Amino acid sequence: MNATYSVEAKIQNFMTLRDTSADFVAGAAQLEGIGGASSSRLSQAFRGRPLPAETAVPLAKLVDDVEAYCASMHPVPIALRNPVVIMELVNNFRKRREKQSRPVPFAVIFIGPALFKQIVSGRVETTTDFQECCAFKDVLVASATARLLNDMGQVGVRFTTITNEFRAPETFVSKLSDVGFESN
């Protein structure tokens, strides 16, 4: 008998809940380059001959990924019959999921309706693009910059934290001198 939390039990559970077969799981494993997961070998595993770790570990991840894809499509039922079609969909789902990681928050300064970009030769530059504007790692630096811009006579200066835009953290500013302010 399989242990409650074994990979073999996990696969059997998945097949029962998703109304699919060992042939589907074996086909998906083959497409993913997972060796030792043929239909006959899975059948042996379900009867008590455990899968080796080099098969079990990637197979468990595969089952998790297919299940996550199916769950993401709820309430649309997914027919797990053709592993070629399903694995293409699962691989696209994996790519989207990787891209959809949470954005890293950053602070920006608005000058009226525009975003502060930098100071060049004493002139304040603005933009309307969150990818081009000055993105502050620390809200305290953004606050200090906003005060300086206000003291320079800029109108409508305010700062805020942006949490819904993707921007590479290596583009964040941490010092006033990074955007054109001269240190005294």
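Nothing in this text is a laboratory measurement; each read-out follows from the coordinates by a stated rule. These figures come from a predicted structure and were not determined experimentally. Quick reminder, even Gly has a Cβ in these numbers, built from the backbone with ideal geometry, and neighbours come from all protein chains shown.
Please list, or write none, the lysines whose alpha carbon is within less than 23 Å of the alpha carbon of Lys117, excluding same-chain residues fewer than 8 places away.
Result set, ordered by chain and number: Lys137, Lys175.
Near the amide H of Val173, under 5 Å away, which other amide H atoms are found, from residues 5 or more places off or on another chain, if H is placed in the peptide plane?
Ala135, Phe136, Lys137
Do the sum for the chain: with -39,500 (n - 2.57) for every DSSP H run of n ≥ 4, divided by all residues, what is the mean residue ellipticity at 222 nm, to the nearest 500 deg cm²/dmol?
-13500 deg cm²/dmol
Using a simple charge model, +1 on the beta-carbon of Lys and Arg, -1 on the beta-carbon of Asp and Glu, nothing else, what dipole does the chain show about its Cα centre, in debye to the nearest 20?
That gives a dipole near 320 debye.
List the lysines whose alpha-carbon lies under 16 Å from that of Lys95, not counting same-chain residues fewer than 8 positions away?
Lys61
Within region 13-102, report the trypsin sites (Lys or Arg not before Pro) that DSSP leaves as loop and that have at most 10 other Cβ atoms within 10 Å.
Answer in residue order: Arg47.
Amide H to amide H under 5 Å from Val157: which residues, 5+ apart in sequence or cross-chain, H placed 1.01 Å off N in plane?
Those lying under 5 Å, H to H, from Val157 are Gly112.
What is the calculated FRET efficiency for Ser6 to Ala79, with r their C-beta to C-beta distance and R₀ = 25 Å, to the nearest 0.05?
0.40
At 7 Å along Cα-to-Cβ for each site, give me the label-to-label distance between Asn91 and Arg147 in nm.
5.5
Treating only the Cβ of Lys, Arg, Asp and Glu as charged (+1, +1, -1, -1), what charge dipole size does region 73-167 show about its Cα centre? Round to the nearest 20 debye.
The calculation lands at about 400 debye.
Please name whichever of Ser174, Gln131, Ala146 sits farthest to the positive end of the charge dipole of region 106-179, dipole taken about the Cα centre and charges placed at Cβ: Lys and Arg +1, Asp and Glu -1.
Ala146
Can you tell me what share of the DSSP beta bridges in the chain is antiparallel? A percent to the nearest 5 is fine.
Taking every DSSP beta bridge with both residues in the chain, the antiparallel ones total about 95 percent.
Quick one: compute the contact order of the chain, relative version, from alpha carbon pairs under 8 angstrom and 6+ residues apart, as a percent.
Reported relative contact order: 18 percent.
DSSP loop chymotrypsin sites (Phe, Trp or Tyr not before Pro) in region 106-151 with at most 15 other Cβ atoms within 10 Å of their Cβ, which ones?
Answer in residue order: Phe130.
What residues have an amide H closer than 5 Å to that of Val104, excluding those fewer than 5 places away on the same chain, when H is modeled at 1.01 Å from N in the peptide plane?
It is Arg167, by chain and number.
Using the Cα centre of region 29-184 as origin and beta-carbon charges of +1 (Lys, Arg) and -1 (Asp, Glu), tell me which of Val76, Phe93, Gln118 is placed farthest towards the positive end of the dipole.
Positive-end residue among those listed: Val76.
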